[in-house]
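*Asks:* If you scroll down you'll find the structure; I have some questions about it.
The values are calculated or read from the model by the stated rules, or taken from the named source; none is laboratory data. The structure presented is a predicted model; accordingly, all values stated were derived computationally and were not measured. Every residue, glycine as well, gets a Cβ built from its backbone with ideal geometry; the counts of neighbours run over all protein chains shown. Areas reflect the complete protein model, heavy atoms only, side chains present, ligands, DNA and RNA absent. Shrake-Rupley method; radii C 1.70, N 1.55, O 1.52, S 1.80 Å.
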Amino acid sequence: MHMHKYEKIWLLFGTGTLLVFLIVVGISAFYMGNQPPSCAVTLDPEKVDSTPPFDETGLKQIGENEYQLTIVASAFNYDVGNKDKLVQIPKGATVHFNVTTKDVVHGFELVGTNVNMMLEPGYISTYTNTFDKPGKYTLLCNEYCGTGHHLMTATIEVME
Amino acid sequence: MLKSIRSIAAADAKLTMAHMFVAFTALLLGATAGLLQTLVRSGKVTLPAGIGYYQILTLHGVVLGLVLTTFFIVGFVIATQSKTAGEYSSKERKFAWIGFSMMTAGVALTATFILLNEASVLYTFYAPLMAHPGFYIGLTLVIVGSWVEGFVIFHRHAKWRKENPGQRTPLLSYMGVITMLMWQIATLGVAATVCIQFIPWSLGFTDTIDVLVSRTLFWYFGHPLVYFWLLPAYMCWYAIIPKIIGGKIFSDSLARLSFILLLLFSIPVGFHHQLTEPGIDPFWKYLQVVLTFLVVIPSLMTAFSLFATFEMRGRELGAKGLFGWVRKMPWKDVRFLAPFIGMVWFIPAGTGGIINASNQMNQVVHNTIWVTGHFHLTAATSVILTFFGIAYWLIPSITGRKLTAKLNKLGIVQTIVWSVGMAIMSGAMHWQGLLGGPRRSAYSEYAGNADTAAWGSYQIAQAIGGSILFIGMVIMLVIFINLAFFAPKGQEEFPVGTVADIAGPTPKVLENWKLWIGVTCALILFAYTIPFIDIIQNAPPGSPGFKFW
Ligand code: HEM
Ligand SMILES: [Cu+2]
Ligand SMILES: [Cu+2]
C-alpha cells in the first residue's frame, strides 16, 4: 500500500509516543502499585449487616495514625458509624476504606481526592488514601441510584 | 416552476426520510429535556407537575444517545448505499421498512414507559434498578429492527460486488458496511444481557440478576456504540467533504484501512468504562486499556488524510506555505463549515478521551460531570455538527429540493450558536468535574461543605450554555422543516468524493470480510474470555430488583 513519506513519519512519531505513554501508565500501575480499585472479595448483599467487618461500621484505629474505615451504602445513605455522618481523622492519617452496598449500585467519591470507586451489590470495594491536608472532604454518590441519589452524602474531616 | 430532481430513487428517499423524521423529533424532545436539566442543576428552577429530574434525564439519554443517533445513522447509510451501490430491490426495501417499523415501535414502547415514570433507570439501565419489562422489550425491538436494516445494507453491498466482479467496491458503501458490522457485533452484548438477564428478571421468571455480568455485557456494547456514532461522521469527513471543497480523497486504501482498524480496536475495550469497579482483575483492565489506545493509530491516520486533502486542494487553488490552504476553503458553505467545526472540536474531545481511558488516572474523573462534558464534545458536537452538515445537503438532495442561500446562512448561524453554547456548557462541565462535581445528579448542597459549595457558578454557566444550545436546536429544526417541505424544488448535489491520482491501488485484502470478522472475534475472545469466566465463577449471590424512583 502506498504511504506518503510524511505520513510514515507522523505515524511513527505517534505510535512511539503512544508506546512510551502506555509503558509509563503500566509501570505506575504494576510496579508502583497505583492500581484502580479492583478488590475481588465478595459477600451476600442481603446479609451485609451480619458480615464482618460491616456488622460494625465506622472508624477503627489499626496502627500508628492508620485506620480502617468501614462504610455501608444504601439508598440513600452512607452508614459511617454515627448519626452526624461525620468522620474525624488526624492530619497525615492513612485510611483503608472498606465499603459495600446493601441494594443497588452506588458511587463512592471523596471530593478532592483520588478516592473514587464503584460499589456493587455482592462486592467489597477497597482503597487506601493518606490525608495530608486538613479540611472537610465531602463524600458523595456519583452513580445514579434513585430519586434521592443527589442527597447521599457524608463528611470526612481531617483535623489539624 | 422548477423541476424537482432527486439524487436517489424516490422510494429509497422516502425510506431515508422516515428515519430523519424520527431522528429530528428525538432532537426536539431531547434538547428540551437537556435545557430543563441544566436549569434544574443551576438550583434556580424546579420541575413542575411531579416530573422527576431523573425521568427527564432518562428521556434525554435515550432519545439523543440511542434514538437520534441510530435513526440518523441508519437513514444516512441507507441513502449512501442507494447512491453508491445501487437502488434497492423491492424485496430489500420491504425488509428495510420492516426493520424501520420495528425500531419505531420499540422507541414508542420505551418512551411510553419512561413518560409513565416506570423506567427512570437512565439510558444505561444498570441493574439491579428494575424498570418495567416494556422498557427493555422496546429497546430490544430497536436493536433487532436495526439488525434487519443492517442486513439490507450488507445485501446491497454484496449484490454490487457480484454485479461488478473484481472491481473495488465504492468507498462509501464499504464504510457503510463496516459501520453496520461494528453495530451488529457490538449489539450482541446488549441484546444478550437484555434478553437473557433483564427481560426474564423484570417479568418475574428469575428472582435475581448477576450485576457484574450485566454491566460487562453492557459495556462490551457501550464503547463501540460511541464509535458507531463516529464512523458515519468519518464517512462524511473522508469521502464527502473532499467533493464539497472540490478536491479529491487523499487515499482510498488508507481510508479503508483506518475503518478496519477502528472495527478491530473499538470492541474489545469495554473495561475502560469499568476501571473503578470491584471484581475485575487489574491486569485485564490494563490489557483493555492498551487495546483502547490502539485506536490512536487510525485516528492519527484520519487526521493526516483529512488535512492532506485540504492542503492538496488549497495548493490547487494557488495557496502557498504551510497554512495557505486555510484561506482557500469554502467557509461560507455550511456543508463544509459545520463538519469542519465538528472536526476541530474533535481535537479537545479526543484529548479528553485519552485522559478518561488512562487506567488509574480515570479515578480523577470517573462519573464526574467532566465525563458528560467530554461526550457532549465528541457526540453532541463533533458528531452532531457533522450530522447537521450532512442533513443540509442530504435532505434537499433526496427530496428534490435546493439548499437556498438563505438556509445556508441560517445553517452557518446554527453552527456558530451550537459551538458557542457547547463551549460554555461543556467547558463548565469539564471544570466542575475536575473539582469533583458528580454527573447524573440533580441540584444538591450535599453536606454544606466548602468544596461542594464552589460548584454553583459552574452550574449556572451550564444553564447559560444549555439555553444557547436550545436556541441552536430550534434553528436546526426550522432548517430541517424548511428543507423537507418548503425549500424550492430543484436539484441538490449528493457529493461523493473521488480518489486522487497519486493514491496507489487498493490492496484486495481490505475487502476480505472473513479475515477481518475473524480477527475482530479473535481480539474480543482474547480480551474477554478469561476475565468473563472469572466474573462468573467468582460471582456473589445475585440481586433482586429495586425501584427507587
Ligand atoms: C440542547 C442541547 C443539550 C443540552 C442542554 C444537554 C444537556 C445535558 C446535561 C446537563 C446532561 C447531564 C445531566 C446530568 O448528568 O445530571 C446531559 C447528559 C447527556 N446528554 Fe446531553 N445535552 C444536549 C444535547 C445532547 C446531544 C445532542 C446528545 C447526543 C448526541 C446528548 C447526549 C447526552 C447523554 C448520552 C447524556 C448522559 C445521560 C446520562 O448520564 O444518563 N446531549 N445532557
Ligand atoms: Cu447514587
Ligand atoms: Cu469507551
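*Asks:* Restricting region B:305-326 to residues that are free of Cβ contacts under 8 Å to residues at least 12 places away in the same chain and assigned to a helix (DSSP H, G or I), which is farthest from the other protein chains (Cβ to nearest Cβ)?
*Replies:* Taking the candidates together, the pick is B:GLY324.
*Asks:* Could you look through region B:414-446, keep only residues that are among the polar types (S, T, N, Q) and within 16 Å of ligand 2 (Cβ to nearest atom), and pick out the one that is surrounded by the most Cβ atoms within 10 Å (Cβ to Cβ)?
*Replies:* Per the stated criteria, the residue is B:SER441.
*Asks:* Kindly indicate whether B:LEU172 is under 30 Å from B:PHE340 (Cβ atoms) and away from ligand 1 (no atom under 16 Å from the Cβ).
*Replies:* So B:LEU172 fits the description; yes.
*Asks:* Residues that are open to solvent by less than 10 Å² (accessible area, probe 1.4 Å), at least 3 per element: which strands (runs of 3 or more DSSP E) completely within region A:56-160 meet that?
*Replies:* So the answer is A:66-74, A:94-101, A:106-110, A:116-119, A:135-140, A:153-159.
*Asks:* While we're looking at this one, here's another question. Among the candidates B:GLY421, B:GLY433, B:GLY466, B:GLY427, single out the residue that is closer than 30 Å to B:ALA79 by Cβ, within 25 Å of the chain's Cα centre (by Cα) and either away from every other protein chain (no Cβ under 14 Å) or assigned to a helix (DSSP H, G or I) (or both).
*Replies:* It is B:GLY421.
*Asks:* Regarding region A:32-45, can at least one residue be identified that is of a type in the set (Asp, Glu), surrounded by fewer than 16 Cβ atoms within 10 Å (Cβ to Cβ) and within 7 Å of chain B (Cβ to nearest Cβ)?
*Replies:* yes
Residues are listed down the side, and each one gets a yes or a no for (1) within 14 Å of another protein chain (Cβ to nearest Cβ); (2) open to solvent by 50 Å² or more (accessible area, probe 1.4 Å); (3) within 15 Å of B:ALA191 (Cα to Cα):
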position: B:VAL107; (1), (2), (3): no, no, no
position: B:LEU115; (1), (2), (3): no, yes, no
position: B:SER120; (1), (2), (3): yes, no, no
position: B:TYR126; (1), (2), (3): yes, no, yes
position: B:TYR136; (1), (2), (3): no, no, yes
position: B:ILE143; (1), (2), (3): no, no, yes
position: B:VAL148; (1), (2), (3): no, no, yes
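*Asks:* Looking only at region B:378-390, count every residue that is within 16 Å of ligand 3 (Cβ to nearest atom), of a type outside the set (Ser, Thr, Tyr) and open to solvent by 10 Å² or more (accessible area, probe 1.4 Å) and tell me the total.
*Replies:* Result for region B:378-390: 2.
*Asks:* Filter region A:139-160 for residues that are at the interface with chain B (Cβ under 7 Å from one of its Cβ atoms) and out of contact with any strand residue (DSSP E or B) (no Cβ under 6 Å at 6 or more places or on another chain) and give the result.
*Replies:* A:TYR144, A:GLY146, A:THR147, A:HIS149, A:HIS150, A:LEU151
*Asks:* So which residues in region B:337-366 are within 11 Å of chain A (Cβ to nearest Cβ), open to solvent by 10 Å² or more (accessible area, probe 1.4 Å) and within 15 Å of ligand 1 (Cβ to nearest atom), if there are any at all?
*Replies:* B:HIS366
*Asks:* In region B:496-549, what residues are over 28 Å from B:LYS285 (Cα atoms) and part of a helix (DSSP H, G or I)?
*Replies:* Hits for region B:496-549 are B:LYS508, B:VAL509, B:LEU510, B:GLU511, B:TRP513, B:LYS514.
*Asks:* To continue, here is another question. List, please: which pairs have Cβ atoms under 9 Å, are six or more places apart or on different chains, and start with a residue in region B:267-292 that is within 19 Å of A:MET118 (Cα to Cα) and within 16 Å of ligand 2 (Cβ to nearest atom) and end with one that is modelled with pLDDT of 90 or more and of a type in the set (Lys, Arg)?
*Replies:* B:GLU277/B:ARG215; B:GLU277/B:LYS285
*Asks:* Only one of (1) free of Cβ contacts under 8 Å to residues at least 12 places away in the same chain; (2) more than 9 Å from chain B (Cβ to nearest Cβ) fails for A:ASN82. Which number is that?
*Replies:* The single condition A:ASN82 does not satisfy is (1).
*Asks:* Look through B:ALA319, B:ALA303, B:ALA308 and report the one residue that is closer than 18 Å to B:VAL383 by Cα and more than 16 Å from ligand 1 (Cβ to nearest atom).
*Replies:* It is B:ALA303.
*Asks:* Okay, next question. When you check B:THR193 against the structure, is it within 14 Å of chain A (Cβ to nearest Cβ), more than 16 Å from ligand 2 (Cβ to nearest atom) and under 24 Å from B:GLY270 (Cβ atoms), yes or no?
*Replies:* Here the answer is no, as B:THR193 does not meet what is asked.
*Asks:* Would you confirm whether any residue within region B:356-369 is farther than 30 Å from B:TRP431 by Cβ and either in a helix (DSSP H, G or I) or in contact (Cβ under 8 Å) with a residue 24 or more places away in the chain (or both)?
*Replies:* no
*Asks:* If I filter region B:226-275 down to residues being within 14 Å of ligand 3 (Cβ to nearest atom) and not in a helix (DSSP H, G or I), which single residue comes out as nearest to B:PHE388 (Cα to Cα)?
*Replies:* Among them, the one singled out is B:SER266.
*Asks:* Pairs needed: first member in region B:436-450, within 7 Å of another protein chain (Cβ to nearest Cβ) and within 16 Å of A:LYS136 (Cβ to Cβ); second member anywhere, among the small types (Gly, Ala, Ser) and away from ligand 2 (no atom under 12 Å from the Cβ); C-beta distance under 7 Å; at least 6 residues apart or different chains.
*Replies:* B:GLY436/A:GLY112; B:ALA447/A:ALA154
*Asks:* When region A:125-152 is examined, which residues are found to be more than 11 Å from the chain's Cα centre (by Cα) and more than 16 Å from ligand 1 (Cβ to nearest atom)?
*Replies:* Across region A:125-152, the qualifying residues are A:THR130, A:PHE131, A:ASP132, A:LYS133, A:PRO134, A:GLY135, A:LYS136, A:TYR137, A:THR138.
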